[in-house]
Each structure stands twice: as structure tokens, then as C-alpha cells.
Amino acid sequence: FTTLLYTIKFEELPKMLAIDSKLCRMMLTSRMVLSEEQQKHVCEGDLASYMDHCPEWLQTKDDHTKNWMDLDNRMTSNVALCRAVGRKYFLMPDDPAQFAKCEEVEKILFSLMNTMCYLINKICFAPNNPDGNDFDPEYARSRFLPKFEQKMAALEEQIAGPFIMGDSLPVYADYLLYACLYDVKMFLPQGFGSGKYAKIEEFMEKFWTYPSPIRRWFKSSESKSGEYIRPPVPSIFELLPEEQLQGDI
């Protein structure tokens, strides 16, 4: 690997607009904010300052606490935005123990999604690698599988079934969980459907068929195209500093 030629610092990344988040649009649809005009109004109003809802565990305090694996800041932004929507539309659990469970799910998903992103963009595509930069998806999937299995088992422990809190209304973290699992499934489809992760498979099915306004979203063409947070192919092309090239991830 070569050393840094140019990179964008975490705090210099352009802020994601709320309306550009597919996760946000799904959540708004489930709250009966349906039209593009209505969604844009909410996103440019109450949700414009969504980073105010960034959780304590994700906030950068100094150079040693930067979430450098969140290469494009997409997970940090979507976690904060998901919380902001949840707070506005009463999707946040009031019970401290339930909220702690949601936060634990956030942390597991943050690690899972950023590992996938890092492997795709900086190891198995590797613009830092002088020997070439062709993306090898099969190699990426094989490298990702152990982390995937570890994190899926951890998620199974957090899901009461069918949703995170049990047989109740979905909370904000259920929306984040669905979005992340959808993206992971696009990258590693063979990791799903075997019955090994029964709670997660039940969750995905129940969330998709839940009899609420969210069904409007799943009937839309927008729900069927593109990723919620991260694509299953290289999308980040800046070079990384040498100390951030984690070959053992």
C-alpha cells in the first residue's frame, strides 16, 4: 500500500441532506408524509438540523475518537437522521432499557455497515493498491462473511421478535435495522434465507408486510431501486492515510 496522496477529512465531508436519505423518505412515508413536496418541507424544516440528534457514542471529541471507518459519513448521518425522525414522529421508546437496546442495535449496525463499506472500497477495490484497483466482489464477500456472521448473531440477541421490542409497533431503530439489512443483503445475498438467523428473517418479512402506512412505501418504485445507505460496489475513491489501511479487518 502507498501512503496518503489526498483525502477528505471527516469534518470536511459535505453534509448529507435529509431529503437525499432513502431511509428518511421511508420513515416519512410511514408517518403519512407522502408527497415529495411534503417530505421536502419537513426535511428543510424540522429535519434540517438532524445532526443535533447525533448520539453521544458517535460524536467526535478529538482525533482519537473520529469514526474513520465511516468513510463517507453516511452511517453517522443516517443514525442521527433516523433519531431525528423518530423524535419528531414518536418512534423513540420512552423506557430507558428499551432505548439502551436500540442504541446497542445502532452500534452493531454501525460496525457491520462500515466493515462492508471499508472492504468494498479500500481493501477489495483498493485505490491505494499500486498493483491494481479492479473490484473483486467474491473476494470482498469472503472477507466480509466472518464479520457478517458475528454481527448477525449479535443482532439476533437484541431482537425480541418479530421487531426489536417484540410484537409491538416498530420503533426508529427497526427502520434503521431494515435499511441496513437490505443493503447487506444486496451485497451478500447468500447470507440470508438459510434459516440460520430465524429472528432476522422473521423481522425482514414482518417489517415488509406490516399493516401500516409503510406498505405505501414498499408498493412504490422508489423502494425497489437503489440502496438505503450504501451500495454493494465501490463508491468512495479518495486515498487513505497509511495508518488507516487496516489489512486485518
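The values are calculated or read from the model by the stated rules, or taken from the named source; none is laboratory data. Every value quoted in this text rests on a predicted model; they were computed, and no experiment measured them. FYI the Cβ positions are ideal-geometry reconstructions off the backbone, even for glycines, and counts take in every protein chain you see. Each accessible area value is taken on the protein alone, full model and side chains, heavy atoms only, with ligands, DNA and RNA left out. Shrake-Rupley method; radii C 1.70, N 1.55, O 1.52, S 1.80 Å.
May I ask you to list pairs of residues, at least six apart or on different chains, whose Cβ atoms are under 7 Å apart, with the first in the range 208-230 being farther than 28 Å from Ser111 by Cβ and the second being in a loop (DSSP other than H, G, I, E, B)?
Going by the 7 Å Cβ cut-off, the qualifying pairs are Pro213/Met32; Arg216/Leu34.
Take residues that are of a type in the set (A, V, I, L, M, F, W, C) and open to solvent by 50 Å² or more (accessible area, probe 1.4 Å) and tell me which of the helices (runs of 4 or more DSSP H) falling wholly in the range 144-229 contain 2 or more.
198-209
Please go through the range 70-79 and give me each residue that is buried (at least 23 other Cβ atoms within 10 Å of the Cβ) and in a helix (DSSP H, G or I), ordered by number.
Matches in the range 70-79: Met75, Ser77, Asn78, Val79.
Given the conditions (1) exposed (fewer than 15 other Cβ atoms within 10 Å of the Cβ); (2) in contact (Cβ under 8 Å) with a residue 60 or more places away in the chain, and given that Pro96 satisfies all but one, which numbered condition is not satisfied?
Every condition holds for Pro96 apart from (2).
Does Phe203 fit the bill of being in contact with a helix residue (DSSP H, G or I) (Cβ under 8 Å, 6 or more places away or on another chain) and without any contact (Cβ under 8 Å) to a residue 12 or more places away in the chain?
no
Which numbered condition trips up Ile123, out of (1) within 17 Å of the chain's Cα centre (by Cα); (2) more than 23 Å from Glu56 (Cα to Cα); (3) buried (at least 20 other Cβ atoms within 10 Å of the Cβ)?
Ile123 satisfies all of (1) within 17 Å of the chain's Cα centre (by Cα); (2) more than 23 Å from Glu56 (Cα to Cα); (3) buried (at least 20 other Cβ atoms within 10 Å of the Cβ) except (1).
Out of Ser168, Ser194, Ser111, which single residue is in contact (Cβ under 8 Å) with a residue 40 or more places away in the chain and hydroxyl-bearing (Ser, Thr, Tyr)?
When all the criteria are applied, what remains is Ser111.
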